[in-house]
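The values are calculated or read from the model by the stated rules, or taken from the named source; none is laboratory data. Computed from a predicted model, the values in this text were never measured in an experiment. When we count neighbours, we look across all protein chains shown, and the Cβ atoms used for this are built from the backbone with ideal geometry, even at glycine.
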Amino acid sequence: MANQDDIFKKVISHAKEYGYIFQSSEIYDGLSAVYDYGQNGVELKKNIREYWWKAMVQLNDNIVGIDAAILMHPTTWKASGHVDAFNDPLIDNKDSKKRYRADVLVEDHVAKIEGKIEKEVKKAAKRFGDSFDKDQFLSTNPRVLDYQSKADSILKRLGKSLENEDLADVKALIEELEIVCPVSGSKNWTDVKQFNLMFGTKLGASADTATDLYLRPETAQGIFVNFLNVQKTGRMKIPFGIAQTGKAFRNEIVARQFIFRMREFEQMEMQYFIKPGTQKEWYETWKEKRMNWHLSLGMGEDNYRFHDHEKLAHYADAAADIEFRFPFGFKELEGIHSRTDFDLANHEKYSGKKLQYFDPELNESYVPYVLETSIGLDRMFLAVFSNSLEEEQLENNTSRVVLKLPAVLAPTKVAVLPLLRKDGLPEIAQKLVDELKWNFSVVYDEKDAVGRRYRRQDAVGTPFCVTIDHQTLEDETVTIRHRDSMEQERIPLTEVASTVSKAVDLKEWLQKL
Ligand code: GAP
């Protein structure tokens, strides 16, 4: 069986080979942790964004969208706490001269312990067969319990030290766990230091008058500063939400794992403005709603889990991640944060403007609390893409590479293939393409044997192939081939659009929410 590294390497090379993701400025040897989306990547990304936007904005009467600018008044970042508190704890290895995020070194160590738990589960599942009860095993097996308690106590201590800004203890923890530098293999560490993640830039031409700005490190602040604009002009009543998708920038030090952690990335965020005191209930509600959104895509319930934060960000009174099983293990995909009135209250303080809501039921004004859901679009892309890529062994001793993207997200929904480049077949195929392209993205492909064309579409993730052959000339039927099952059926030419529509229609998918 291929190991995690090999699987991940395949994901990266497949993404490049099939026009999904390229290294930025590749001809100049690339720019670290910055990526470009190719002709298929841009479509998949757009479809994920739309799947989120429809579920969030279109299907909720009380959530509206905005599109705020990337550049914001510099005081925004003072008020939001990012100037003072948006730091990563860094540590250098004196031998390799490599720099690491101290918390990531510890978390990677914990992931190894969790890997041991997974191994125990796999072993036991094999031993006990159908009678295996995973939950019972996890809660009773002494070895697993020992691993779990080790992992929990390490994370708890890390969380506490970071919260108390006790960087000496973070270093002590790294030393006690005997964590070695992955490059030099040595334990020769410097002290842990804080490093701000925001990218600075300048507004204005002259060196004396230019203002220092930051590229936004999260889209959320564009929503907070527009809270009253939207509430007043949209006559919104609490509870209500404002949603936004857009670029964010962070000068990440540990920029690795492909598009998992990038320096320029896109977020899809929603701030839900609520009455103070109701945050616990909304926190639970949004955790559930967001998990359901993920599950609606059918990528396997076992691939998701919640992780409650020990270390809370500077703005939160509760926070959880939805973690996904990436090729390199379970990692954060989305955050659900109870942000209290931290942001609005601070913007009031720094701007001197009231950011309050008059509640007609209570007959009083208050600064609303905020419940936030925040997901990285690129990270969601990686989750979908890596989970979909499979190498299948077929019955006739061959194999195929297939990208089993949820059909609703696939860049191209249908490929139309004339069996031969003659006898009027290309003309019928082209006519079908011209008809279908009004409804969804479709490609025409007449090159190579039809089997090879099927494989090409499998690898790029196209859910349907429609073949026009000589029988089409006689009875106006076509063969429609399903990507995942490879089953083929004969249907009337006139039913192609409705068959594909049903399988890729957003409504069919979002109704599962
Ligand atoms: N407004 C809250 C916020 O920004 P966060 O946990 O820092 O919270 C939210 O980020 C989400 O954004 C993460 O769950 C992740 O999916 C994505 N994200 C954060 N940093 C990222 C990076 N460097 N590259 C790609 N995605 C990132």
| If you take the residues in the range 212-250 that are among the polar types (S, T, N, Q) and assigned to a strand (DSSP E or B), which one is nearest to P360 (Cα to Cα)? | Q244
| request: Within the range 402-439, track down each residue that is touching an Asp or Glu at 6+ places or on another chain (Cβ under 6 Å) and closer than 24 Å to F385 by Cβ. | output: V402, K404, P411, A415
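Residue by residue, here is whether (1) farther than 30 Å from V11 by Cα; (2) among the basic types (K, R); (3) out of contact with any Phe, Trp or Tyr (no Cβ under 6 Å at 6 or more places or on another chain) holds:
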site: D29; (1), (2), (3): no, no, yes
site: S32; (1), (2), (3): no, no, yes
site: D36; (1), (2), (3): no, no, no
site: N47; (1), (2), (3): no, no, yes
site: I63; (1), (2), (3): yes, no, yes
site: M72; (1), (2), (3): yes, no, yes
site: D84; (1), (2), (3): yes, no, yes
site: R101; (1), (2), (3): no, yes, yes
site: V106; (1), (2), (3): no, no, yes
| remark: Checked the range 18-33 for anything modelled with pLDDT of 95 or more, farther than 17 Å from V460 by Cα and surrounded by 15 or more Cβ atoms within 10 Å (Cβ to Cβ); matches are Q23, S24
| field | Single residue of the range 230-245 satisfying the filter (within 16 Å of the ligand (Cβ to nearest atom) and either surrounded by fewer than 19 Cβ atoms within 10 Å (Cβ to Cβ) or among the aliphatic types (A, V, I, L, M) (or both)) that is farthest from E334 (Cα to Cα) | value | I242
| note | Expected single match for in the same structural domain as N251 (by TED's automatic domain parsing), among the β-branched types (V, I, T) and closer than 16 Å to R256 by Cα among I48, I7, I27, I66 is I7
| Residues in the range 427-443: is at least one in a loop (DSSP other than H, G, I, E, B), at negative phi and modelled with pLDDT under 95? | yes
| field | Where a residue in the range 1-21 is over 14 Å from G329 (Cα atoms) and its partner, wherever it lies, is among the charged types (D, E, K, R) and surrounded by 15 or more Cβ atoms within 10 Å (Cβ to Cβ), with Cβ under 8 Å and at least six apart | value | A2/K10
| field | Odd one out for A318 among (1) touching a Phe, Trp or Tyr at 6+ places or on another chain (Cβ under 7 Å); (2) of a type in the set (A, V, I, L, M); (3) buried (at least 20 other Cβ atoms within 10 Å of the Cβ) | value | (3)
| task | Output the residues belonging to the range 183-198 that are without any contact (Cβ under 8 Å) to a residue 40 or more places away in the chain and farther than 26 Å from N164 by Cβ. | result | G185
| note | Note on the range 333-348: residues within 9 Å of the ligand (Cβ to nearest atom) and touching a Lys or Arg at 6+ places or on another chain (Cβ under 8 Å) are L333, E334
| Counting residues that are over 31 Å from the mean Cα position of the chain (by Cα) and exposed (fewer than 14 other Cβ atoms within 10 Å of the Cβ), which strands (runs of 3 or more DSSP E) fully inside the range 351-408 reach at least 2? | 364-366
| field | Meets criteria (in contact (Cβ under 8 Å) with a residue 24 or more places away in the chain, closer than 23 Å to T245 by Cβ and touching a helix residue (DSSP H, G or I) at 6+ places or on another chain (Cβ under 9 Å)) for I66 | value | yes
| Of F260, F227, which residue is modelled with pLDDT of 95 or more, within 13 Å of the ligand (Cβ to nearest atom) and of a type in the set (A, V, I, L, M, F, W, C)? | F260
| task | Just need a number here: residues in the range 457-470 that are within 17 Å of E391 (Cα to Cα) and surrounded by fewer than 18 Cβ atoms within 10 Å (Cβ to Cβ). | result | 1
| Can you find a residue in the range 111-131 that is surrounded by fewer than 14 Cβ atoms within 10 Å (Cβ to Cβ), in a loop (DSSP other than H, G, I, E, B) and free of Cβ contacts under 8 Å to residues at least 24 places away in the same chain? | no
| Since E266 meets every condition but one in (1) touching a Gly at 6+ places or on another chain (Cβ under 7 Å); (2) more than 10 Å from the ligand (Cβ to nearest atom), which condition does it not meet? | (2)
| Just checking, which of E323, E310 is modelled with pLDDT under 95 and either surrounded by 21 or more Cβ atoms within 10 Å (Cβ to Cβ) or within 16 Å of the ligand (Cβ to nearest atom) (or both)? | E310
| query | Which of the following residues is free of Cβ contacts under 8 Å to residues at least 12 places away in the same chain, of a type in the set (S, T, Y) and either exposed (fewer than 12 other Cβ atoms within 10 Å of the Cβ) or outside any loop (DSSP other than H, G, I, E, B) (or both): T209, T201? | reply | T209
| note | The lone condition S186 fails out of (1) outside any helix (DSSP H, G or I); (2) under 30 Å from G200 (Cα atoms); (3) modelled with pLDDT of 95 or more is (2)
| field | Qualifying residue in the range 349-357 (condition: out of contact with any His (no Cβ under 7 Å at 6 or more places or on another chain) and within 16 Å of the ligand (Cβ to nearest atom)) | value | no
| request: Please specify each residue of the range 471-497 satisfying the condition of being under 36 Å from the mean Cα position of the chain (by Cα), more than 19 Å from D423 (Cβ to Cβ) and surrounded by 12 or more Cβ atoms within 10 Å (Cβ to Cβ). | output: I480, R481, H482, R483, D484, M486, Q488, E495, V496, A497
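Here is a yes/no grid of residues against (1) closer than 30 Å to F227 by Cβ; (2) of a type in the set (A, V, I, L, M, F, W, C); (3) touching a residue at least 24 places away in the same chain (Cβ under 8 Å):
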residue	(1), (2), (3)
Y366	yes, no, yes
S374	yes, no, yes
V402	no, yes, yes
A410	no, yes, yes
K413	no, no, yes
P418	no, no, yes
D423	no, no, yes
K431	no, no, no
E446	no, no, yes
